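So the structure is just underneath, and the comments pick up after that.
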Amino acid sequence: MRQVSPRSTRETKEAPAAEAASWPKLPLWLHRRIRALSRAQWRVPRHAGLKGTALLFAATGIAGVISADRVDETLTWVSSTSGLAIESVRITGQTETSEIAVLNRLELKPEASLAFFDLAAARERVETLPWVENATLRKVYPGTLKIMIDERKPFVLWQRDQTLSVIDETGRVISDTADGHYDLIRVVGQGADKRAGEALELAETSASIRDRLRAAVLISERRWNLVLDNGVTLMLPQEQPEQALALIAALDARDGFLSKDIASVDLRLGSRMFVRLTPEAAARRTAEIKEREKLAKRRGAST
C-alpha cells in the first residue's frame, strides 16, 4: 500500500491552483459559452463530402463564367431552356416598313430569352428604320414579343437634280424611292425640303389653285414658281405673293383664265402681268395676226 505524505498531497492540490491562477480570468458569459461548446456533440452531416464536392464544382463553374465575361449568355441559355425562349414576334402598324427589316433590327439569336431580352436597346434599333417614327415593344410571356410601329407620314416629294425623295413635314428624308407616292405634291430646288409647308400654305390661299397644284419650285431660295396640273407655271414675286395669287384666282373665276392656252404667267413685277402662250397657241396667234394683216392690205388696195 502506497503512502502519500501530507506534503505531497498538498503540493498536488496547490499545483493546479497555481496553474489556474496564472491563466487570464475570462468573463462569465464567455466562460459559459466555452463550456456549452465543449459539451455539444458534433456530427458530420450525411453525404457532406459529396455535397462539398458538388459545391466546389459549381463555384468553379460560376467563377469561370464570370472570368470569361459570359454571364449574360449563360443566363440567357438557362432561361431559354427553362421555357422562356422567344418563339414568336408579332409586328403591327407598319405599311411601308417590311417585317424582315424589323426582325433584322431586333438581332435575335436562336437561343434568345424573353426574360433577358433588352427592350430599350431593341426599340432604339427599330426606330433607326427610315419609315419608323415610334416603336413600342412588349413582352408577352411565356414566349411572344409584340412590336407596335407608328410610321412617318409622307408629306411631299423633294426633287433635287435627278434625285427624288419622299419627305415628311419636318423635311426629313423618309425614302429615296417614290414608288406608290407619285400623287404627292413635288417641291423642287435646294432648301425646298425645309420650306415645303410654306409653298403649300401659299397655295391654300386660293382653293382653285391649291386643287390644281402639282409642283412648287423654289427659285434661288427667295421666291416660288407654282406649276399646275395643265402645265401652267405661275411665277410669283418674292414680296406679297398672296396678292398675286388672288389676282390669278379672280381672273380664272371670271373667264377660266387658267384653262386657256397659256404656258406661264409672270407676276414678279407685282403690278404688271406677262402671259406667255403655249407654242401651239403662239403659232395660231401668229397666223391670225398675219391673216388680219393680209386682209388689211387687201382692203387698203381696193380703196
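The values are calculated or read from the model by the stated rules, or taken from the named source; none is laboratory data. Since the structure is predicted, the reported quantities are computational estimates derived from the model, not experimental observations. Every residue, glycine as well, gets a Cβ built from its backbone with ideal geometry; the counts of neighbours run over all protein chains shown.
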Among the candidates 135, 215, 196, 192, which residue alone is of a type outside the set (D, E, K, R), modelled with pLDDT of 95 or more and in the same structural domain as residue 103 (by TED's automatic domain parsing)? 135
Confirm whether residue 178 is modelled with pLDDT of 90 or more and either polar (S, T, N, Q) or surrounded by 16 or more Cβ atoms within 10 Å (Cβ to Cβ) (or both). no
Of everything in region 152-181, what is closer than 22 Å to residue 134 by Cα and basic (Lys, Arg)? Give them in sequence order. 152, 153, 172
Taking residue 156 as the residue in question, decide whether it is touching a His at 6+ places or on another chain (Cβ under 8 Å) and at pLDDT 95 or above. no
Residue list for region 145-179, filter: assigned to a loop (DSSP other than H, G, I, E, B), more than 28 Å from residue 120 (Cβ to Cβ) and charged (D, E, K, R): 161, 176, 179
If you go through region 127-140, how many residues are without any contact (Cβ under 8 Å) to a residue 40 or more places away in the chain, out of contact with any Leu (no Cβ under 7 Å at 6 or more places or on another chain) and not acidic (Asp, Glu)? 8
Considering region 269-284, residues that are aliphatic (A, V, I, L, M) and assigned to a strand (DSSP E or B), and then whichever is nearest to residue 243 (Cα to Cα), we arrive at 275
Could we say that residue 209 is touching a helix residue (DSSP H, G or I) at 6+ places or on another chain (Cβ under 9 Å) and at pLDDT below 95 here? yes
